[in-house]
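All remarks here apply to the structure that follows.
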Amino acid sequence: MNHFERALELAERGRGKTGDHPLVGAVLVQGDEVVGEGWYEYELVRHAEVAALEQAGERARGATLYVTLEPCSHHGRTPPCADAVVEAGVARVVVGACDPNPVVDGRGIERLREAGIEVELLDDLASRRQNEAWRVWKGLGRPFVTYKAAISLDGRVTVPGRRWVSGEESRRRVHELRAAADAVAVGMGTVRADEPRLDARDVDAVRQPRRLAFGRGPLPEGSELELRSGALADELSELAAEGVQSLLLEGGPTLATAFLEADYVDKLLLFVAPVLAGEGPHVVGELTRSLELLHLRAEPCGEDLLVEAYLHEP
């Protein structure tokens, strides 16, 4: 593992503990020796770079700092990290990705370079993926939207004679996705047909996501879903203002098509089952344009294949 990979690993220690802040990891290297490490957790207050600098002490002078996200340049709960790096005498900084926060967005790197520090910006995909939801929430003012669907090999969302399209392992993975999301949503067609609960079950869920239904009501009696009947743009802005950084869509083709047409889907997750349905609705309805997919990858998930792709750069 190289030093930057170690910084990414350290950042993950803050997963679920950063509040409205991003994951950040930092490694400080003097020669071939690691002299400081840090990561961000909200309650610890100190940012990753400051934690690494404090651990290194005087050995930070002339060292190289590997950090997964651009050091901040503004006063928040703590003084600017960029200033701390300059004052410690760090000679070189390797940055994983720029910070899309409008109050940072390049200013941290600029501050370091103005002080004579050599800065290398990797624009690393792994760094951007690590904070993909936060980056969209902070940069675009809406939640990061993932559309998840279970489909047959011929692209259908139902299989005649079967209750489930996907296998048990895929269904468990969906509950993990729910547990990791701030909100989960379906359309009213799915609500009326299935009365879904949308909660995370039989997995280690620190908290349950908000459970939403997009469309015109009314909701069935006893439903615990929140009805969101406004325009998608307005609803997504309101959800973002309420702190929803990530939204998992589990609706049918109608909801998926509406989000895709409005360009609000950031990532696709398709659980592809080894079956040809032969009939039934397709995963997406008619689109007015083709959509290019980015960073496509696939992995086995039980007897199914999980296909992941982005519609926007994370």
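With every protein chain left in place, what is the accessible area per residue of the chain in square angstrom, probe 1.4 Å? Display every interim value, and only then the final one.
Details: 15210 Å² over 314 residues.
Accessible area per residue, the chain: 48 Å².
If exposed means no more than 12 neighbouring beta carbons inside 10 Å and the site is in a DSSP loop, what's the longest run of the chain without any exposed GluC sites (Glu not before Pro)? Intermediate values should be presented prior to the final figure.
Working: sites that count: 221, 224, 242, 279, 286, 292.
Value returned for the longest uninterrupted segment is 1-220.
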Please report how far the C-alpha centroid of the stretch 1-80 lies from that of the stretch 108-155, rounded to the nearest whole angstrom.
18
Which of 239, 248, 153 fluctuates most in a GNM of the chain (C-alpha springs under 10 Å)? That residue is 153
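Which FRET efficiency value, to the nearest 0.05, do you get for residue 241 and residue 294 by plugging their Cβ-Cβ distance into 1/(1 + (r/R0)^6) with R0 = 35 Å? Numbers along the way, then the final one.
On the way: r = 28 Å, r/R0 = 0.80.
Result of the calculation: an efficiency of 0.80.
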Selection of trypsin sites (Lys or Arg not before Pro), the stretch 147-178, meeting DSSP coil and at most 14 other Cβ within 10 Å
162, 163
Could you compute how much accessible surface residue 47 exposes when probed at 1.4 Å, giving the result in Å² to the nearest 10?
40
Work out the FRET efficiency for residue 234 and residue 125 from their Cβ-Cβ distance, taking R0 = 41 Å, and round it to the nearest 0.05.
0.80
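At a Förster radius of 30 Å, what calculated FRET efficiency corresponds to the Cβ-Cβ distance of residue 224 and residue 42, to the nearest 0.05? Provide the component values of the computation, followed by the final result.
Details: r = 29 Å, r/R0 = 0.96.
Plugging the Cβ-Cβ distance into 1/(1 + (r/R0)^6) gives 0.55.
Quick one: with all protein chains in place, what share of the accessible area of the chain is carbon or sulfur, to the nearest percent (1.4 Å probe)? Can you show the working numbers first?
Values: 7390 of 15210 Å².
Percent of accessible area from carbon and sulfur atoms in the chain: 49.
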I need the phi-derived Karplus couplings for the stretch 292-297: 6.51 cos²θ - 1.76 cosθ + 1.60, θ = phi - 60°, integer Hz, Gly and Pro marked x.
7, 9, 10, 6, 5, 8
How do 188, 1 rank by accessible surface area computed with a 1.4 Å probe, from largest to smallest?
1, 188
Using the Cβ atoms and a cut-off under 14 Å, what net charge is assigned to the surroundings of residue 146, where Lys and Arg are +1 and Asp and Glu are -1?
+1
Do any trypsin sites (Lys or Arg not before Pro) in the stretch 28-136 lie in a DSSP loop with no more than 11 other beta carbon atoms within 10 Å, and if so, which?
77
Using a 10 angstrom cutoff on alpha carbons, build the Gaussian network for the chain and name the most mobile of 193, 298, 115.
193
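The values are calculated or read from the model by the stated rules, or taken from the named source; none is laboratory data. Here the structure is a predicted model, which is why all the values come from computation and not from measurement. Reconstructed Cβ throughout: ideal geometry from the backbone, glycine too, with neighbour counts over all protein chains shown. The area values use the complete protein model at the heavy-atom level, side chains included, leaving out ligands, DNA and RNA. Shrake-Rupley method; radii C 1.70, N 1.55, O 1.52, S 1.80 Å.
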